[in-house]
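**Student:** Please find one structure pasted underneath; my questions will follow.
The values are calculated or read from the model by the stated rules, or taken from the named source; none is laboratory data. No experiment lies behind these values; they were computed from the predicted model shown. Cβ coordinates were reconstructed from backbone atoms using ideal geometry, including for glycine residues, and neighbour counts include every protein chain displayed. Note: accessible area is taken over every heavy atom of the protein model, side chains too, but ligands, DNA and RNA are not part of it. Shrake-Rupley method; radii C 1.70, N 1.55, O 1.52, S 1.80 Å.
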Amino acid sequence: MASTSLAFPSLHLQFPSQRSPNLPLRPPTHRLSIRASVSSEKPSALPQLSTAAKAEKPTSLPIRKIPGNYGLPLIGPLRDRLDYFYNQGRDEYFKSRIQKYQSTVFRANMPPGPFIAANPNVVVLLDGKSFPVLFDVTKVEKKDLFTGTYMPSVDLTGGHRVLSYLDPSEPSHGKLKRLMFFHLKSSRDRVIPEFHDTYTALFETLESDLAQKGKSSFADANDQAAFNFLAKSLYGTNPADTQLKTDGPKLVTKWVLFQIGPVLTLGLPKLIEELTVHSFRLPPSLVKNDYKRLYDFFYNASTPILDEAERIGVSRDEACHNLLFATCFNSFGGMKLLFPNMMKWIGRAGVKLHTELAQEIRSVVRSNGGEVTMGAMEKMELMKSVVYESLRIEPPVALQFGRAKRDMVIESHDAAFEVKEGEMLFGFQPFATKDPKIFERSEEFVPGRFVGEEGEGLLRHVLWSNGPETESPTTGNKQCAGKDFVVLVSRLLVVEFFLRYDSFEIEVGKSPLGAKVTVTSLKRASF
């Protein structure tokens, strides 16, 4: 989902002028035209501006030396890694250093460190003003930084550096991103009907489990539904009718673990995790056969897309590995994280919000002849805001990296900091999108936050897609190619759920990826 999920054709958002109820918000500095999908026209590359053309204005803030240090070689990174994973935990690791240095910009080490990443030293950016420099490809390079201070073996992706690891300055980046745009445009008519069919089956599974066991795991059912939906909508193929059967989700999860295990806590005993996945790369050979099964499925299902790849100068093999990565790592991985998190926040919000969503969604669908369409969803202001608020409060991609292309000055709200060419910049997005100097009640889930003109103005600070929500992915930037596809399917989940149910209750636990949501009650639609 990060920088190479899938894009979706044109879907324009319009916001009403009324103010969001019970939520005082700062007025925007100017009106913005918001879109929920990229144009159906082929996106063009943004011009790469020269350093002179992008010359920075002198800062009016005091220049401050970046606080913090990296400690002694080996010892400093290991100490920080233990704090990050175990002694403090991720959020407290950052909060404690903000307090210590009285700054949202400081130096620290990011896992995994020894012996996977040669250099774990980063400049940390933890506010909504400094964080966006990570999107500016005239200032930062994104080459091989998708997973951070280390890069997984290309043996896990067929020997290719896939799109997520390419900088826009590399020739292959533009070709591969255009291929992703083509892919979504060619499959757009299948998305809404396939989502309805696939997630209706998911709801039936939840109901059956509730009847038999009194509870049901949303995450387990969602994994299978998400993979099936992506295969059917994007490739026109039902995995159950192929040799893959129902094995897709477990194969993908295992393969992804080999790539991002070094930056996860898996629930294993601390010593075992430290001596294995946090210190050494797992051998790609252990998932070679699993990956081959996935590759064969996507190769056989992708003939029209692979034909287009050859036409634009990308080999069928490289294109297939990129399609697999975009679908399985980015899109499936995104739905695996985002959907349970959305259910968690909406579930916790309670019956009042559930009733308001059900009333809005059903009223609009009825007035649209009973059909769920993009146009109908544009009229569901509260539903759209709930989706954006879910993306704001718990973005599915929390970590962003970039390497400074030149000496520059980065501003926080309170000070300016000099960064040298070649330094690694790191941003923890949940702190940037919960910046209290930008968002009032920033730590709260506020369903109506993005309703109305003032809400529209705040969307430029929703950054989950490796770029502002008010901007679109192009071949010249690293914004998630599937930004608008993700927004669309997230809206569909909320719409389909509240067409079927009045309310629901959940229990929430922890898992290595996203929230562990267990549904304990479902109240079928009564009006």
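**Student:** Whole-Hz Karplus ³J(HN,Hα) for the range 75-81, in order, using 6.51 cos²θ - 1.76 cosθ + 1.60 and θ = phi - 60°, x for Gly and Pro?
**Tutor:** Using θ = phi - 60°, the values come out as 5, x, x, 5, 5, 5, 5 Hz.
**Student:** How long are the semi-axes of the equivalent ellipsoid of the range 89-159, taking √(5λ) for every eigenvalue λ of the Cα gyration tensor, in whole Å from largest down? If you can, show how the numbers build up before the last one.
**Tutor:** Numbers: eigenvalues 130, 59, 18 Å².
In descending order the semi-axes read 25, 17, 9 Å.
**Student:** Rounded to the nearest 0.05, what FRET efficiency do ASP197 and ARG79 give with R0 = 45 Å and r taken as the Cβ-Cβ distance? Could you check?
**Tutor:** Using R0 = 45 Å, I get an efficiency of 0.30.
**Student:** Counting Lys and Arg as +1 and Asp and Glu as -1, what is the net charge of the other residues whose Cβ lies under 10 Å from the Cβ of PHE106?
**Tutor:** Result for the neighbourhood of PHE106: +3.
**Student:** Turning to a different aspect of this structure: In the chain, what percent of the accessible surface is made up of carbon and sulfur (1.4 Å probe, ligands and nucleic acids excluded)?
**Tutor:** Percent of accessible area from carbon and sulfur atoms in the chain: 52.
**Student:** Rounded to the nearest 10 Å², what accessible area does VAL372 have for a 1.4 Å probe in the complete protein model?
**Tutor:** Surface open to solvent at VAL372 totals about 30 Å².
**Student:** Which value, in debye to the nearest 20, gives the size of the charge dipole of the chain about its Cα centre, when Lys and Arg are +1 and Asp and Glu are -1 at the Cβ? Numbers along the way, then the final one.
**Tutor:** Values: 66 positive and 59 negative charges, 126 e Å.
It comes to approximately 600 debye.
**Student:** Then there is this: What does the accessible area per residue of the range 63-524 come to in Å², with a 1.4 Å probe and no ligands, DNA or RNA counted?
**Tutor:** Per-residue value: 37 Å².
**Student:** Which value in nm describes the separation of the simple spin-label points at SER279 and GLN102, placed 7 Å from the Cα toward the beta carbon?
**Tutor:** That separation, rounded to one decimal, is 4.0 nm.
**Student:** Same structure, new question: Along the positive direction of the dipole of the chain (beta-carbon charges: Lys, Arg +1; Asp, Glu -1; about the Cα centre), which of SER302, PHE504, MET151 reaches farthest?
**Tutor:** The Cα lying farthest towards the positive end belongs to MET151.
**Student:** May I ask you to evaluate 6.51 cos²θ - 1.76 cosθ + 1.60, the Karplus curve with θ = phi - 60°, for each residue of the range 374-381 and list the ³J(HN,Hα) values in order in whole Hz, giving x for glycine and proline?
**Tutor:** Taking θ as phi minus 60°, the curve returns 4, x, 5, 5, 4, 8, 8, 5 Hz for the range 374-381.
**Student:** Can I ask one more? Sequence gap at least 6, Cα distance under 8 Å: using those rules, report the relative contact order of the range 63-524 to the nearest whole percent.
**Tutor:** 23
**Student:** OK, next. Name the aspartates and glutamates eligible as straight-distance cross-link partners of LYS352: C-alpha to C-alpha under 15 Å, and not fewer than 8 places from it in the same chain.
**Tutor:** Here the aspartates and glutamates satisfying the reach criterion relative to LYS352 are GLU360, ASP502, GLU505.
**Student:** In addition: Checking the table LYS232/LYS336; LYS65/LYS100; LYS100/LYS344; LYS254/LYS516; LYS288/LYS344; LYS143/LYS437 against a 26 Å threshold on Cα-Cα, which pairs fail?
**Tutor:** LYS100/LYS344; LYS288/LYS344; LYS143/LYS437
**Student:** How much of the DSSP beta bridge set in the chain is antiparallel, as a percent to the nearest 5?
**Tutor:** Details: 29 of 34 bridges.
Counting DSSP beta bridges with both partners in the chain, the antiparallel share is about 85 percent.
**Student:** So what is the calculated 222 nm ellipticity per residue for the chain, using -39500 (n - 2.57) for each DSSP H run with n of 4 or more, over all residues, to the nearest 500 deg cm²/dmol?
**Tutor:** On the way: 17 runs with 209 residues, N = 527.
Result for the chain, helices only: -12500 deg cm²/dmol.
**Student:** If you keep only loop residues by DSSP, which trypsin sites (Lys or Arg not before Pro) in the range 117-210 have at most 14 other Cβ atoms within 10 Å of their Cβ?
**Tutor:** none
**Student:** Relative to the Cα centre, what is the charge dipole magnitude of the range 130-172, using +1 at the beta carbon of each Lys and Arg, -1 at the beta carbon of each Asp and Glu, and rounding to the nearest 20 debye?
**Tutor:** Computed charge dipole of the range 130-172: roughly 60 debye.
**Student:** Here is a further query. Just to check I understand the Karplus step: with θ = phi - 60° and J = 6.51 cos²θ - 1.76 cosθ + 1.60, what whole-Hz values come out for the range 262-279, glycine and proline as x?
**Tutor:** Computed from phi, the couplings for the range 262-279 are x, 10, 10, 9, 9, x, 7, x, 3, 4, 5, 4, 5, 7, 10, 5, 8, 10 Hz.
**Student:** From Cα pairs below 8 angstrom and at least 6 apart in sequence, can you work out the relative contact order of the range 71-131, rounded to a whole percent?
**Tutor:** For the range 71-131, the relative contact order is 32 percent.
**Student:** Positive end of the charge dipole of the range 63-524 (Lys, Arg +1 and Asp, Glu -1 on Cβ, about the Cα centre): tell me which of TYR291, GLY267, HIS354 has its Cα farthest that way.
**Tutor:** Farthest towards the positive pole: GLY267.
**Student:** With +1 assigned to the C-beta of every Lys and Arg and -1 to the C-beta of every Asp and Glu, and no other charges, what is the dipole magnitude of the range 287-392 about the Cα centre in debye, to the nearest 20?
**Tutor:** Details: 14 positive and 13 negative charges, 110 e Å.
The dipole of the range 287-392 has a size of about 520 debye.
**Student:** Now for a separate question. So how much accessible area does GLU318 have, in Å² to the nearest 10, using a 1.4 Å probe?
**Tutor:** For GLU318, the solvent-accessible surface is approximately 40 Å².
**Student:** Accessible surface of ASP414 in the full protein assembly, 1.4 angstrom probe, to the nearest 10 Å²?
**Tutor:** Roughly 100 Å² of ASP414 is accessible to a 1.4 Å probe.
**Student:** Between TRP464, ALA525, MET342, whose Cα lies farthest towards the positive end of the dipole of the chain when Lys and Arg beta carbons carry +1 and Asp and Glu beta carbons carry -1, centred on the Cα centre?
**Tutor:** Most positive-ward Cα: TRP464.
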